[in-house]
Amino acid sequence: MAKSRFEYVKEFERHDVLLPQCYIVVRIDGKKFHEFSRFYEFEKPNDIRALKLMNAVAKNVVVHYKNEVIVAYGESDEYSFILKKDTNLYNRRRDKIATLFVSLFTSQYVALWSKFFTDRELDFKHLPFFDSRCVVYPNLATVKDYLSWRFVDTHINNLYNTVFWQLVLKCGLTTQQAENRLCGTLSNEKQEILFKECGINYNNEPEMFKKGTVVTRKGEIVHIDVIKEIDQIFKGY
């Protein structure tokens, strides 16, 4: 390859290589998705079309990197992809992994949009975009705790949002009144409010809403209790 006197500029490039023999988690998050969901009038507290779209996108990413990904887990506008500790994907370069995962995720989101939102085209002034980060974890125990953390976070967020929006949409409270009503309440108290004041049994809510979504290495989409099934999820790793 021909060289030029300008090629010295490559010396300024630096590539952060992720630690070897550590599990890599690529976490993708929607950017300004409150505004995005408001513009496209997502249903509250959960829009099943939006969640199924996220799951379909994640499945395609997992299938694309099936030799590197152990499992993926998603809730709301977030997805985590857990890579094997011995992966040498893109020579473990942080920038390559983070940017290629999120660009694939975003392109799939746009490509699959019309399959789930049949009555609403994407507006070029209001397109989805995501951020991405790579985090390394030293051992399997820590990775299991990471996934358990995201699972618990799903439960906490969904319970709050379910009660909050039912108080607003069904019981006629303002958003500020609903926020004040829930301030300082515990999980069982929120469920009691939901049942007594809104007539909804939280246990009957869809599993996808309560538990989030697991995408297996084979591309299977399931909604399970991650903490109870954690050993099975990572069996062999």
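Remark on the stretch 1-128: hydrodynamic radius 16.7 angstrom, per the Kirkwood mean of 1/r across alpha carbon pairs. The modelled label-to-label distance for the pair Thr142/Asn188, using points 7 Å beyond Cα in the direction of Cβ, is 3.6 nm. For the peptides 77-83, 230-236, 9-15, the ranking by packing is 77-83, 230-236, 9-15, with the highest mean count of neighbouring Cβ atoms within 10 Å listed first.
Over the C-alpha trace of the stretch 112-235, radius of gyration and Dmax come out as 18.2, 49 angstrom.
Averaged per residue, the stretch 110-224 has 58 square angstrom of accessible surface, using a 1.4 angstrom probe with ligands and nucleic acids left out. Per the Debye calculation on the chain with a single equal scatterer at every Cα and no solvent contribution, log₁₀ I(q)/I(0) for q = 0.14 Å⁻¹ amounts to -0.98. Taking Lys and Arg as +1 and Asp and Glu as -1, the other residues whose beta-carbon sits under 9 Å from that of His15 total +1. Of Ile156, Ile70, the order by accessible heavy-atom surface (1.4 Å probe, DNA, RNA and ligands excluded), from most exposed downward, is Ile156, Ile70. Spatial offset of the stretch 7-42 relative to the stretch 155-202 amounts to 34 Å, using the alpha carbon center of each. Summary value for the chain: 28 percent relative contact order, contacts being C-alpha pairs under 8 angstrom separated by 6+ residues.
Extension gain, Phe117 to His34, is 28.1 nm, computed as 0.36 nm per intervening residue step minus the present C-alpha separation.
Note on surface exposure: Tyr237, Tyr73 rank Tyr237, Tyr73 by accessible area, highest first, 1.4 Å probe. Taking all protein chains together, Lys125, Lys52 sort by accessible area into Lys125, Lys52, largest first [probe 1.4 Å].
The values are calculated or read from the model by the stated rules, or taken from the named source; none is laboratory data. If you're wondering where the values come from, they're calculated on a predicted model, not measured in any experiment. Glycine also receives a Cβ, built like all others from the backbone with ideal geometry; neighbour counts cover every protein chain displayed. For the accessible areas, the whole protein counts, side chains as well, though only heavy atoms, and no ligand, DNA or RNA atoms are used. Shrake-Rupley method; radii C 1.70, N 1.55, O 1.52, S 1.80 Å.
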